[in-house]
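The values are calculated or read from the model by the stated rules, or taken from the named source; none is laboratory data. Computed from a prediction, not measured in an experiment: that's the story for all the values here. Glycine gets a Cβ as well: all are built from the backbone with ideal geometry, and neighbour counts include every protein chain shown.
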Amino acid sequence: MTSRRSFLQTLSAPVWALPFVTPSNDEKYHEGKVLRVALIGLGSYASRVAEAMKDSKRAVVAGLVSGTPSKLVSWGAKYNVSASNCYNYETVDQIRNNSDIDAVYIITPNALHKDMAIRMAKAGKHVIVEKPMALNAKEAEEMVNACKKAGVQLLVGYRMHFEPKTLEIIRMRNAGEFGNVKFFQGLCGFRIGDPKQWRLNRALAGGGSMMDIGIYAVNGARYLIGEEPTWVTAQETKTDFVKFAEGVDETIQFQLGFPSGAVASCLSTYSMNNLDRFFLNGEKGFAELQPSTGYGPIKGRTNKGELQFPHITHQTIQMDEFAAILLDGKKPLVAVDGEEGLRDMRIIDALYTAVKSGKRVSLK
Ligand code: NDP
């Protein structure tokens, strides 16, 4: 059997830009353009994305950007990317002249997202950036504005926005099946290991657990309640002052208030395992996801019973959907654009302010 991947690998890059109309016997190909993506930062999540893209119907790894020359060689061989489509962080601006690449996907530590996104926007490429999209709302706004100015699109790697059980709960909520939503609980955390990793370095991470894992509860509260919060409160607890230095949060409990009167109660932590749960309660029913944001399979049930949807690798479906958004103008049910990422960053800024002041912080 010729896999779609090996078929793609036999094509020269410019041909990918042509309508894609060559189905094999057992696979269906989308009749449309394929999104050619350069991955920036070849670390552990980029590796997961690249593997998942092997099964993507519409997105291919077409370029690689790394600060580690040996990775460009090994990844280039593994994903069939020619040396002419490989860059380091100094040469990457030359990507503007590379017609083999439509979009870049920035998967570096958080502090490096903003500058690279702006550089790539100026180079005329669509920008996909991992969560959190930036260190704070100010940076996120700069990214949104730079992409607007350059006429390119900006998307954030919110893979849960395409997860079938999550989407079914949103559909049920929109259909009024839970009645008026009153409450959301989001528990997100894991025990973080190596104290030397960038996630525990404020300069590179921009904070601690909230930037990395708590953001899922912030984002989940918004997409499951279906409203934008108007206020936040937050309380921090720290048990290890060495591992979690000043400005690196270990655990934050936080609350969000919504215009309808619904409230969210959430926990973000780097010091507890088995915390991956969303719960939504309405006047007529409830929904529960546990696990809710891990790589899956996600498990879900509502007051009507178990949610039965096959597991699809999140990063595969995300890349197919990103291709549809960037190439066909598709509008996803839950936004994944820069404005969506910016909303989360504004809330996270407010949560850090609330931790410091101990007071309720209003969101405009
Ligand atoms: P890793 O540390 O595994 O990889 C980051 C890569 O970035 C490195 O391998 C390196 O690649 C590059 N890099 C460039 N500068 C630095 C630097 N100063 N320090 C460390 N690495 C550097 O991180 P992850 O892959 O786990 O995370 C990357 C991003 O992806 C983060 O923003 C994170 O929040 C996000 N993420 C999202 C997930 C999701 O489910 N959506 C899951 C996990 C992470 P090279 O050697 O090629 O330059």
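For the reader, a short list of remarks on this structure follows.
- The requirement of being within 11 Å of the ligand (Cβ to nearest atom), among the β-branched types (Val, Ile, Thr) and crowded, with 22+ Cβ neighbours inside 10 Å is fulfilled nowhere in region 71-85; no residue meets it.
- Which listed residue is in contact with a His (Cβ under 8 Å, 6 or more places away or on another chain) and closer than 23 Å to Ala111 by Cβ, from Val355, Val336: Val336
- Residue match in region 314-330 (condition: outside the structural domain of Met172 (by TED's automatic domain parsing) and assigned to a loop (DSSP other than H, G, I, E, B)): yes
- The condition (being outside any loop (DSSP other than H, G, I, E, B) and touching a Lys or Arg at 6+ places or on another chain (Cβ under 6 Å)) is satisfied by just one residue among Glu288, Glu236: Glu288.
- Subset tally (residues that are touching a residue at least 12 places away in the same chain (Cβ under 8 Å), part of a loop (DSSP other than H, G, I, E, B) and away from the ligand (no atom under 12 Å from the Cβ)) for region 90-141: 9
- Positions within region 308-353 being in contact with an Asp or Glu (Cβ under 7 Å, 6 or more places away or on another chain) and aromatic (Phe, Trp, Tyr), in sequence order: Phe309
- Subset tally (residues that are away from the ligand (no atom under 15 Å from the Cβ), of a type outside the set (Gly, Ala, Ser) and in contact with a Leu (Cβ under 7 Å, 6 or more places away or on another chain)) for region 309-325: 1
- Answer from Phe258, Phe278, Phe254 - the residue that is crowded, with 20+ Cβ neighbours inside 10 Å, at pLDDT 95 or above and within 16 Å of the ligand (Cβ to nearest atom): Phe278
- Residue check, Arg301 more than 23 Å from Ala50 (Cβ to Cβ) and part of a helix (DSSP H, G or I): no
- Count of residues meeting criterion [surrounded by fewer than 20 Cβ atoms within 10 Å (Cβ to Cβ) and over 22 Å from the mean Cα position of the chain (by Cα)] in region 151-180: 7
- Some residue of region 175-192 being within 15 Å of the ligand (Cβ to nearest atom), among the aliphatic types (A, V, I, L, M), at pLDDT 95 or above and out of contact with any Cys (no Cβ under 9 Å at 6 or more places or on another chain): yes
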